[in-house]
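The values are calculated or read from the model by the stated rules, or taken from the named source; none is laboratory data. This structure is a prediction, so every number in the text was calculated from the model and none was measured. Virtual Cβ from ideal backbone geometry, glycine too; neighbours counted across all protein chains shown. Calculation scope for accessible area: heavy atoms of the full protein, side chains included, ligands and nucleic acids excluded. Shrake-Rupley method; radii C 1.70, N 1.55, O 1.52, S 1.80 Å.
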Amino acid sequence: MMDLEEFDEGAREATAGDPAVQWDAACEVLGRLVSKDAYQRWFRSSRLVGVEDSRAVVAVPNEIHQVWIETNYLPELASAVAETIDGVREVKLVVEDGVVLDADPSRGPARPAAPREAAVVAPVAAESFEKRLKAAGLNPQFTFDSFVVGANSQFAHAASEAVAKRKGPGYNPLFIHGGPGLGKTHLMQAIGHEYLRKQPGSKVVYLTCEKFTNEFIDAVRKGDLEKFRKRYRSADVMLLDDVQFLAGKDRSQEEFFHTFNTLLDGRCQVVLTSDRPASEIKSLEPRLISRFECGLTVELQPPVFETRLAILGKKRDEWKVRVDEGIMRFLAERIRSNVRRLEGALMRVATFASLAGEHVTEERVEHLLRDLLREEAGKQVTIDTIQRAVADHFDVRLADMTSRRRPASIAFPRQIAMYLSRTLTKGSLMEIGEAFGGRDHGTVIHACKKIGSQMESDASVRDAIGVIEAGLRR
């Protein structure tokens, strides 16, 4: 990564204009190229460092911003900068360290942060990395390198890497949610790996919420609460899997609430996973929900076809098994719900091919995986299930999905249902229109465009669709 201080020294001299003024001009253009929400979320806390050799360097506050802008908005940013600053042909994003960026641009340019003391790492006895992993309860396979990043997991992966590199206090706690088998545990443990690798003296603790609860009950029974508390409240990094297991367990919630506060007060990193957002965990105390939501919340969604195929390819290479590309594509197309099931299917096929010593056909795979494929087919999202889920969410009648009534309280949910039908099913425009009371394909196109546009500019629409989609996939 570029040395920002070295660039500042030479680039500002080479820049003809004031970077702050140039950045303001670029932002005016950028505001017309991206939605208001996107600008506020991803560009408001950035700044132009300067221009050198036809390259503009833009500083962003953390790696999440860097990854997200490079992936989604780099053409728009480059266009805005090139339009307002003469001679710029390239834009480079750097993560700014040691600078406090004001959230309000009217306050003027960014100001240097107070110097930070260098971290002191205590020497540790020569101990194998594997033993430290085992002591922390970590799986040696769950690293960032072995995680296949796709559109479904890009933000969660960037957030996890930022936490592992200690890029900001705002990521504490990090709350990762998503359905089973999507990689929550993998990302969580990858963070623990990085801490142990870079800071060997760190005390990293990984455990499931069920284990935490069982050990707490056992400690109460044996009168060893102080020992229990000392073990978990002295951690440098606490990784707690499946926090939804706390639901309805009042005494365990009380104990974890105080453990959680002790860790945060001591500036210890906490990472939590759940199969649903904190606000949707029933019988969870409001104060715990509030604590879980005070940091950064990210979601893992089911992988798209290309990502599923990449995961299979990585596993095939890792396991050193032989499976034809056609069979790989067949598995990626038919098994969509989660990564764990996808890997299990590949292992079953590869094992059969190895033991039977024969060429594996799609017909043979269908027979081998008939139980998995039957479950996958049963979990497929249909237009009917979408209509029911949307009607329940917005508290309208199912009949309103197909009626000719057009008040906003009905038309808006109906448009959302059309949008989800288009994105989550294989139904054609004509089939979707027919399912919504015989509407033509133009009506469906209009609904999809309208909801897609509102999702970019309105966070409440995005959140509502996210909740409905998560429910459909569970």
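Table for the structure above
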quantity: The range 18-60, subset closer than 13 Å to Lys92 by Cβ and among the polar types (S, T, N, Q), residue surrounded by the most Cβ atoms within 10 Å (Cβ to Cβ); calculated: Ser46
quantity: Lone unmet requirement of (1) crowded, with 19+ Cβ neighbours inside 10 Å; (2) of a type in the set (S, T, N, Q); (3) closer than 30 Å to Pro413 by Cα for Thr385; calculated: (1)
quantity: First in the range 207-234 and touching a residue at least 40 places away in the same chain (Cβ under 8 Å), second anywhere and surrounded by fewer than 17 Cβ atoms within 10 Å (Cβ to Cβ), Cβ under 7 Å, 6 or more apart; calculated: Leu207/Gly137
quantity: Enumeration of residues in the range 142-189 that are of a type in the set (A, V, I, L, M, F, W, C), assigned to a helix (DSSP H, G or I) and open to solvent by 20 Å² or more (accessible area, probe 1.4 Å); calculated: Phe155
quantity: Selection status of Ser428, in contact with a Gly (Cβ under 7 Å, 6 or more places away or on another chain) and either open to solvent by less than 30 Å² (accessible area, probe 1.4 Å) or within 18 Å of Cys448 (Cα to Cα) (or both); calculated: no
quantity: Residue ID - nearest to the chain's Cα centre (by Cα), chosen from residues in the range 274-322 that are under 14 Å from Gly178 (Cα atoms) and of a type in the set (Ser, Thr, Tyr); calculated: Thr297
quantity: Subset of the range 130-141 [in a helix (DSSP H, G or I), open to solvent by 20 Å² or more (accessible area, probe 1.4 Å) and out of contact with any helix residue (DSSP H, G or I) (no Cβ under 6 Å at 6 or more places or on another chain)]; calculated: Glu130, Lys131, Lys134, Ala135
quantity: Breaking point among (1) surrounded by 21 or more Cβ atoms within 10 Å (Cβ to Cβ); (2) closer than 30 Å to Trp68 by Cβ; (3) more than 23 Å from the chain's Cα centre (by Cα), for Lys198; calculated: (1)
quantity: First in the range 454-474 and part of a helix (DSSP H, G or I), second anywhere and modelled with pLDDT of 80 or more and of a type in the set (Lys, Arg), Cβ under 8 Å, 6 or more apart; calculated: Met455/Arg462; Ser457/Lys36; Ala470/Arg276
quantity: Residue in the range 193-212 that is farther than 25 Å from Gly266 by Cα and either in a loop (DSSP other than H, G, I, E, B) or at pLDDT 90 or above (or both) present; calculated: no
quantity: Any hit, the range 63-86, residues being among the β-branched types (Val, Ile, Thr) and without any contact (Cβ under 8 Å) to a residue 40 or more places away in the chain; calculated: yes
quantity: Residue that is nearest to Gln301 (Cα to Cα) [pool: residues in the range 201-213 that are open to solvent by 30 Å² or more (accessible area, probe 1.4 Å) and in contact with a strand residue (DSSP E or B) (Cβ under 7 Å, 6 or more places away or on another chain)]; calculated: Thr208
